[in-house]
1. Using only the Cα atoms of segment B:18-71, what semi-axes does the equivalent ellipsoid have when each is the square root of 5 times a gyration tensor eigenvalue? Give whole Å, largest first.
2. Which of B:127, B:35, B:106 sits farthest toward the positive end of the charge dipole of segment B:31-190, with +1 on the Cβ of Lys and Arg and -1 on the Cβ of Asp and Glu?
3. Considering every Cα-Cα pair within segment B:40-79, what fraction, in whole percent, is farther apart than 14 Å?
4. Would you please give the residues with an amide H less than 5 Å from that of residue B:208, counting only those at least 5 places away or on a separate chain, with H modeled from the backbone geometry?
5. Given a 10 angstrom Cα cut-off, can you work out which residue in A:99, A:90, A:39 is the most mobile in a GNM of chain A?
6. Kirkwood hydrodynamic radius, segment A:86-208, all distinct C-alpha pairs: what's the number in Å?
7. Based on the mean of other beta carbon atoms within 10 Å per residue, what is the order of A:116-125, A:191-200, most packed first?
8. For the protein assembly as shown, what mean projected area does the convex hull of the alpha carbons give, in nm²?
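Readers should treat all values here as calculations from the given coordinates under stated rules, not as data from a laboratory. If you're wondering where the values come from, they're calculated on a predicted model, not measured in any experiment. Here the Cβ is made from the backbone with ideal geometry for all residues, glycine too, and neighbour counts use every protein chain on show.
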Number of protein chains: 2
Amino acid sequence: MTSVKTGNKPQGKPRGAYAKTGMKRVAILDAALAVFANGGYRAGSLREVAAQVGMSEAGLLHHFPNKSALLAAVLSHRDDLSATLVPMDGDDPIETLRGLVALARYNASVPGVVALYCTLSAEATSPDHPAHDYFVERYEGTRGRLERTFGLLVSAGRVRADFPTTSAAFMTLALMDGLQVQWLLAPESVDMADELHAFLSGLLGQEL
Amino acid sequence: MTSVKTGNKPQGKPRGAYAKTGMKRVAILDAALAVFANGGYRAGSLREVAAQVGMSEAGLLHHFPNKSALLAAVLSHRDDLSATLVPMDGDDPIETLRGLVALARYNASVPGVVALYCTLSAEATSPDHPAHDYFVERYEGTRGRLERTFGLLVSAGRVRADFPTTSAAFMTLALMDGLQVQWLLAPESVDMADELHAFLSGLLGQEL
DNA sequence: GTCTATATAGCGATAGAC
DNA sequence: GTCTATCGCTATATAGAC
């Protein structure tokens, strides 16, 4: 786990009491995602989150101890969802790359999520940001998995030898991030999935 | 010009009185850059800028009418500096691309500037941000100039025909942005200029 | 579990003295 | 041109009633 506190509830209570409370928790997380997506963590207020979910601020803070714990819970919740969406640890590297393109395609349908990560990763660049460590580790991990994927491709002779695998990983990740910024600023002007597909095909030396 | 108010002083007064005041203005702009670079526009405060330059807030607001005018002045000031640094409208497209790599190399020596644009461009993704229009136009313009550069390369037969020029422009810009995020999060792990150089060489099909 | 009320702090901006 | 003083607002977080 990262150094960010997760804000998860202790797991000691009986199951039945959790259904409704769990719903409320998820509703809060959804609202918080939308609020933090619009201008980042520092600009988003608990007040706005509370209003969006129809509670008072104090009511909200009963579910999460403080603002940064709420952010951590949002990120952790999204990680749970996307881990099931894109399996990056499979044995077939081509499938992994296709999964990346599929992810880019899916992302275009959830602009809020894209805005969240885009804004937060830039904001979290500053070392005192509550999600700084989270993003440092996230990038490190993603880069590692990408590098492994490209390594498998090289072993299988399925990739042009132009770039070392570390460079390929850096570039792929950078391209995905950069495309998101341009897409958020002008959604009609760019198709993130198409561009990523073209880039990866160029890297492979053949249609992906 | 963009829709952001520039906050420039009216140009009517005698020259002599401007020397000292101009110095103060630049000092304020430098301080504001540093403050806005750390966590963005919304998180940065006039108070902090004023403290850094050794003035009261009211004193600062004598030079700039309000916070968003200060931001606009910072961006405009940086644009003046970088316009002299990277001539993007030359006739030799290879020289232009080399200039881009040189810019990436230079950027690595001014992390504050990189952090400013990185954080702001993500923050300005939200439509009500005071620099939203500025960044929309900035990206549009940069993309246009890049597209023209790649067009010249195609005409000269100096580029692999893999990508249409619009894609090449999108990708190049995206790569530069994405590399900056990763570099800010882990400066030792990536050389932005090297990666950009490798990418452009791959695009050309030969060493740049 | 949710509320009202409140403590405490920081913000941008203005008025007016010097 | 710079200051002090202040206004009006918003923020996070806590205390305690229900």
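1. Three semi-axes, in Å: 17, 11, 10.
2. It is B:106.
3. Counting pairs separated by more than 14 Å, the tail of P(r) holds 45 percent.
4. The answer is B:201.
5. Looking only at A:99, A:90, A:39, the largest GNM fluctuation is found for A:90.
6. 15.1
7. With the highest mean Cβ count within 10 Å placed first, the list reads A:116-125, A:191-200.
8. Projected over every direction and averaged, the Cα hull of the protein assembly as shown covers 23.3 nm².
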